[in-house]
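The values are calculated or read from the model by the stated rules, or taken from the named source; none is laboratory data. A quick note: this is a predicted structure, and the numbers were derived from the prediction, not measured. Because the Cβ atoms are built from the backbone with ideal geometry, glycine has one as well, and the counts that use them run over all protein chains shown. Calculation scope for accessible area: heavy atoms of the full protein, side chains included, ligands and nucleic acids excluded. Shrake-Rupley method; radii C 1.70, N 1.55, O 1.52, S 1.80 Å.
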Amino acid sequence: MCMQLGATFDAECAFHRETKVSLLHLADITEKGVTFQSPVDGKPMLLTPEESIQIQNRIGADIIMALDDVVKTTITGPRIEEAMYRTLRWIDRCIAAHKRPHEQNLFGIVQGGLDPVLRDICVRGLVDRNLPGYAIGGLAGGESKDSFWRVVAQCTAALPEDKPRYVMGVGYPLDIVVCSALGADMYDCVYPTRTARFGTALVPEGVLKLKHNAMADDTRPIDPTCACMVCRTYSRAYIHCLVTKDAMGSQLLSYHNLYYMMKLSRDLHMSIIEGRFPEFVCNFLRIMFPKGDVPEWVCNAMEVAGIDISSCCSPFSSSQD
Ligand SMILES: [Zn+2]
């Protein structure tokens, strides 16, 4: 994994995310740490902030993540505040336990649910610790798109511009483009491979469902504009035949989907470096929403990001979510 500003997509981290948020119901969180069921024998195991850092010190990745107290954004009440303050207490235990600070970059994770006051306290607390990078956590857990982008916008605006800003668990290609416009630099998500397992390919127009009967005699590649091994070698009809019967179809679709995400990140990154990011955004939206029906949350986010997308929006057809 490398540290780089301006859109990176890390498929490896996706595992970390999947074990964290979607398995929360198996975890019990106290001040000591997180107790969860061992994936090996089902016995309870306690992971403390110190141990999580020791394990990551041994693995040696150049970016390591603090252990945080994460709650779903759909939860309300005092639990959100408790988790945010505990995340701040745990960052100090993580910093103290970190034995390789000159080789490994410890990222803190901003929590605070959908509450702007709590998010602000958490951002300021983490920035005070002068960490090498910051993650925005606890999102992509079922909140509305409008709540989602507003938290991202608030955090990216308050986090230092010269440090990487990582939105955890994001996401769909559209989310990545929107969050990048709001100043985020890094992402991770299981989506490209998970959706592949359901027979869905990512394409510039959105998604292509390979299980659909219409694919049965479509001899075109998944995405005629894609240069990946799968698109150069196989037809939609062939992959349709596989995905309806065999695991191999999911593997080919995963290959294409990861290639698609990496190309999207690379193109996005280059457009920032070359000073043509607004054009990149417009072009991306024009292909994904050819009728100009760009969702309203995207229009709102782009207004805050200062990117004029009026040329790709139809004035009469903006839709919610
Ligand atoms: Zn491809």
* Structure fact -> Sparse-neighbourhood loop hits (GluC sites (Glu not before Pro), segment 68-164; DSSP loop; Cβ within 10 Å at most 11 others) -> E103, E161
* So for V151, V117, what's the accessible-area order with a 1.4 Å probe, most first? -> V117, V151
* What's the carbon and sulfur percent of the chain's accessible surface, probe 1.4 angstrom, rounded to a whole number? -> 57
* Among the GluC sites (Glu not before Pro) within segment 204-297, which fall in a DSSP loop and have no more than 10 other Cβ atoms within 10 Å of their own Cβ? -> E274
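Based on DSSP H runs of at least 4 residues, each adding -39500 (n - 2.57), what is the mean residue ellipticity at 222 nm of the chain after dividing by all its residues, to the nearest 500 deg cm²/dmol?
Numbers: 12 runs with 143 residues, N = 321.
It lands at -14000 deg cm²/dmol.
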* Most mobile of A184, A305, A135 per a Gaussian network model of the chain (Cα springs, under 10 Å)? -> A305
* At a Cα cut-off below 28 Å, give the lysines reachable from K43, other chains included and same-chain residues fewer than 8 away excluded. => K20, K32, K72
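Give me the percent of DSSP beta bridges within segment 8-189 that run antiparallel, rounded to the nearest 5.
30
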* **the chain: most fluctuating residue of L139, L208, L182 per GNM, C-alpha cutoff 10 Å** => L208
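Using only Cα atoms, what Kirkwood radius does the chain have, in angstroms? Write out the running numbers ahead of the final one.
Working: mean 1/r = 0.0479 Å⁻¹.
Taking the inverse mean of 1/r over all distinct Cα pairs, the chain comes out at 20.9 Å.
Calculate, for E161 and R286, the FRET efficiency according to 1/(1 + (r/R0)^6) with r their C-beta to C-beta distance and R0 30 Å; round to the nearest 0.05. Don't skip to the answer; put the middle values down first.
Values: r = 29 Å, r/R0 = 0.96.
Efficiency, from the Cβ-Cβ distance: 0.55.
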* With a 1.4 Å probe and every protein chain left in place, tell me how much accessible area H212 has, in Å² to the nearest 10. => 110
* **Distance between modelled label sites at C299 and D128, nm, 7 Å Cα→Cβ extension** => 4.2
* Structure fact -> Surrounding charge for Y238, neighbours by C-beta under 13 angstrom, Lys/Arg +1, Asp/Glu -1, total +1
* Structure fact -> Ranking Y234, Y85, Y187 from most to least accessible area with a 1.4 Å probe gives Y85, Y234, Y187
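Please compute the net charge surrounding E31, taking Lys and Arg as +1 and Asp and Glu as -1 over other residues with Cβ under 15 Å from its Cβ.
Values: positive: K32, R79, R86, R89, R93; negative: D28, E50, E51, D68, D69, E81, E82, D92.
Summing Lys/Arg as +1 and Asp/Glu as -1 gives -3.
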* Which of the trypsin sites (Lys or Arg not before Pro) across segment 245-321 are loop residues per DSSP, with 16 or fewer other Cβ within 10 Å? -> K245, R276, K291
* Structure fact -> Taking 0.36 nm per residue of separation between D120 and R100 and subtracting their Cα-Cα distance, the length gained on full extension comes to 4.3 nm
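Just to confirm a number: summing +1 for Lys and Arg and -1 for Asp and Glu over residues other than L182 whose beta-carbon lies under 12 angstrom from that of L182, what do you get? Can you show the working numbers first?
Working: positive: R150, R165; negative: D175, D185, E303.
Net local charge, L182 excluded: -1.
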* Asked: Which residue fluctuates the most in the chain, going by a Gaussian network model with Cα springs under 10 Å, if the choices are L106, L159, L47?
  -> L47
* To do: Starting from the Cα of T225, step 7 Å along the direction of its Cβ; do the same at R266; then give the gap between the two resulting points in nm.
  => 1.5
* Asked: To the nearest 10 degrees, how steeply does helix 116-128 sit against the main Cα axis of the chain, on a 0 to 90 scale?
  -> 70
* What number, in nm² with one decimal, is the all-direction average of the projected area of the convex hull of the alpha-carbon atoms of segment 198-260? -> 3.6
* Quick one: order R124, R194, R232, R165 from most to least accessible surface, probe 1.4 Å. => R232, R124, R194, R165
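Sequence gap at least 6, Cα distance under 8 Å: using those rules, report the relative contact order of segment 8-189 to the nearest whole percent. Please list the in-between numbers first.
On the way: 308 pairs, mean separation 38.6, N = 182.
Rounded, it is 21 percent for segment 8-189.
Relative to the present Cα-Cα distance, how much length would full extension add between S310 and V207 at 0.36 nm per residue of separation?
On the way: separation 103, 0.36 × 103 = 37.08 nm, distance 2.39 nm.
Full extension of this stretch gives 34.7 nm more.
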* Structure fact -> For the chain, the per residue accessible area (1.4 Å probe, Å²) is 48
